[in-house]
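Below you'll find the structure, written out as structure tokens, and then a few comments.
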Amino acid sequence: MKIVCSKNSLLKGLNTVSRAVPVRTTLDILKCILIKADPEGITLTANDTTLGIETRIPERVQETGTIAIDASLFTNIIRKLPEDDVYIETDADNGVSIKCQKASFAIAGRGTDDFIALPAVDSSSQITVSEFTVKEMINQVIFSIAESDLNAAMAGVYVEVLNNTLKMTTLDGHRISIRVSELKENYEDVSAIVPGKTFSDLSRIINGGLEDEMHLLFSKNHIIFEFGSTRMVSRLIEGQYFRIESMLRSEYETHVKVNKKDFLECLDRSTLFVNENDKKPVILTITDEEMNLKLRSGIGAMNENLFIEKEGQDIKIAFNPRLLMDALRVIEDEEIDIYLVKYNYPCTIKNEEETYTYVVLPVNFTED
């Protein structure tokens, strides 16, 4: 194999597929990136058996061939090269020569017989959506994925296509995040639980342009994302997702409208007095036209009032402030609507169109 490619395009491709290289594995071949050179260009592939990514680079191919190269070593070499064309050549013993300007490297490659190819997937359903929409939706729900492995479904994003809407849902036992976006066409209903890591990686890879379209293809065991010259294949999490609708309430005792920026900044100030050993909640006391936020811990105390619009009953309720902040940070509305029932019932933050819904569980509290 003999190829010539620009450092920047090669490095971009390596950074893309490297997200499918496992950090720890007993199979050395999974630590490698497969390079395939054909007359049309170069294909880079990585596969950890759960997530596989391949991307095409339309560079000059002088001799076709394939080679597997240690992903970390190869990427680090390319990253440190000068900004110029990179010449890569392999020999019959899988030796790899890398040259750029006056820099020259020789490393050992591997044969490709043991490399695990991306699975061939027959999709039963496909939708088209903008990269902007996908990236925005991921960032607005990904924070409430559970970090524990106790329940596999909690480590995933529940994706639903319902007629002409795309819906993503996450929950971690303390909160629920739901984001809904309208599609340009009607599609067949389909649902899947996608690993959270897959969506985290996807969000970092895609450009997120409003005019950049991507295709989502669903099968029984996999989801495929196709965008630009990149193809990403992920296994799905097996099993049934939670019955989210039964966890949402339509009735409420108190409705609060508050400036999002003011509320977020006030909650942020309260966290100055929260540490790992003393996780005190912020207590909200809601009365006509005023919300009082109070937090007292071993470090200190804060007491602050916010102007609000309120309908319904007065209420006193406490929350982990960081859970509320996570939701507020991804809401773009200037004012938000908060719906409450009782001190021991979850609060719901949603807009009138319900394109976003965030449900946060309260915590027990005692006032000093």
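Compute the FRET efficiency between ARG322 and ASP212 as 1/(1 + (r/R0)^6), taking r as their Cβ-Cβ distance and R0 = 35 Å, and round to the nearest 0.05.
Details: r = 33 Å, r/R0 = 0.94.
With a Förster radius of 35 Å, E is 0.60.
Viscosity 0.692 mPa s, temperature 37 °C: give me the Stokes-Einstein translational D for segment 283-336 in µm²/s, with Rh taken as the Kirkwood radius over C-alpha pairs.
Stokes-Einstein gives a translational diffusion coefficient of 261 µm²/s.
If we restrict to alpha carbons, what Rg and Dmax does the chain come to, in Å?
Here Rg and the maximum Cα pair distance are 25.1, 80 Å.
Segment 1-99: which trypsin sites (Lys or Arg not before Pro) are DSSP loop and have at most 10 other beta-carbon atoms within 10 angstrom?
In loop regions of segment 1-99 (DSSP not H, G, I, E or B), the sparsely surrounded trypsin sites (Lys or Arg not before Pro) are ARG24.
What distance in nm lies between label points placed 7 Å from Cα along the C-beta direction at SER6 and ASN76?
Simple spin-label model gives 2.7 nm for this pair.
Give me the log10 of I(q) over I(0) for segment 70-112 at q = 0.34 Å⁻¹, as the Debye formula computes it from C-alpha points; what are the numbers?
-1.30
Toward the positive end of the charge dipole of the chain, about the Cα centre and with charges on Cβ (Lys, Arg +1; Asp, Glu -1), which of ASN164, PHE199, GLN313 goes farthest?
Result: PHE199.
On the principal axes of its Cα set, how long, how wide and how thick is segment 2-108? Give whole Å, largest value first.
36, 28, 26
May I ask you to list the GluC sites (Glu not before Pro) in segment 114-170 that are in a DSSP loop and have at most 15 other Cβ atoms within 10 Å of their Cβ? Each step should come with its number before you reach the end.
Values: sites: GLU131, GLU136, GLU147, GLU160; in loops: GLU147.
Of the GluC sites (Glu not before Pro), the ones in loops of segment 114-170 whose Cβ has at most 15 other Cβ atoms within 10 Å are GLU147.
If each DSSP helix of 4+ residues adds -39,500 (n - 2.57) and the sum is divided by the residues in the chain, what number results at 222 nm, nearest 500 deg cm²/dmol?
-5000 deg cm²/dmol
Under a crude label model (7 Å from the Cα following the beta-carbon direction), how far is GLU245 from GLN62 in nanometres?
Between GLU245 and GLN62, the label points sit 6.3 nm apart.
Could you state the principal axis extents of the C-alpha atoms in segment 134-174, from the largest down, to the nearest angstrom?
Projected onto its principal axes, the Cα set of segment 134-174 covers 33, 18, 15 Å.
What shape does segment 33-92 take by its C-alpha gyration tensor, where a ≥ b ≥ c are the square roots of the eigenvalues and a/c under 1.5 counts as rounded, a/b above b/c as prolate, and the rest as oblate?
In terms of gyration-tensor shape, oblate.
If I stretch the segment between GLU185 and GLU40 completely, what's the gain in nm (0.36 nm per residue apart, minus their alpha carbon distance), one decimal?
Taking GLU185 through GLU40 to full extension adds about 48.8 nm, to one decimal.
Only residues of segment 220-245 count here: report those whose backbone N is under 18 Å from the spot 7 Å along Cα→Cβ of SER124, or say none.
Within reach of a label on SER124, which here means backbone N under 18 Å from a point 7 Å along Cα→Cβ, segment 220-245 contributes 220-225, 234-241.
About its Cα centre, what dipole magnitude does the chain give when the only charges are +1 on Lys and Arg Cβ and -1 on Asp and Glu Cβ, stated in debye to the nearest 20?
Dipole of the chain, to the nearest 20 debye: 1200 debye.
Anything over 24 Å Cα to Cα? Flag those among LYS184/LYS257; LYS261/LYS294; LYS294/LYS342; LYS80/LYS197; LYS31/LYS80; LYS260/LYS310, in the order listed.
Over 24 Å Cα-Cα: LYS184/LYS257; LYS80/LYS197.
Quick one: give the max-minus-min coordinate of the C-alpha atoms of segment 249-360 along each principal axis, largest first, in Å.
So the three principal-axis extents are 40, 28, 23 Å.
Set Lys and Arg Cβ to +1 and Asp and Glu Cβ to -1, take the dipole of the chain about its Cα centre, and tell me which of ILE178, ILE145, THR55 lies farthest positive.
Most positive-ward Cα: THR55.
Rg and Dmax of segment 125-245 over Cα atoms: what are they, in angstrom?
13.3, 39
Roughly how large, in nm² to one decimal, is the mean projection of the convex hull of the alpha-carbon atoms in segment 196-299?
Its Cα hull, projected and averaged over all orientations, spans 11.8 nm².
Read-outs throughout are calculated quantities, based only on the coordinates presented, and are distinct from any laboratory measurement. Because the structure is predicted, anything quoted here is derived from the model rather than measured. Note that we place each Cβ from the backbone using ideal geometry, even for glycine, and neighbour counts take in every protein chain shown.
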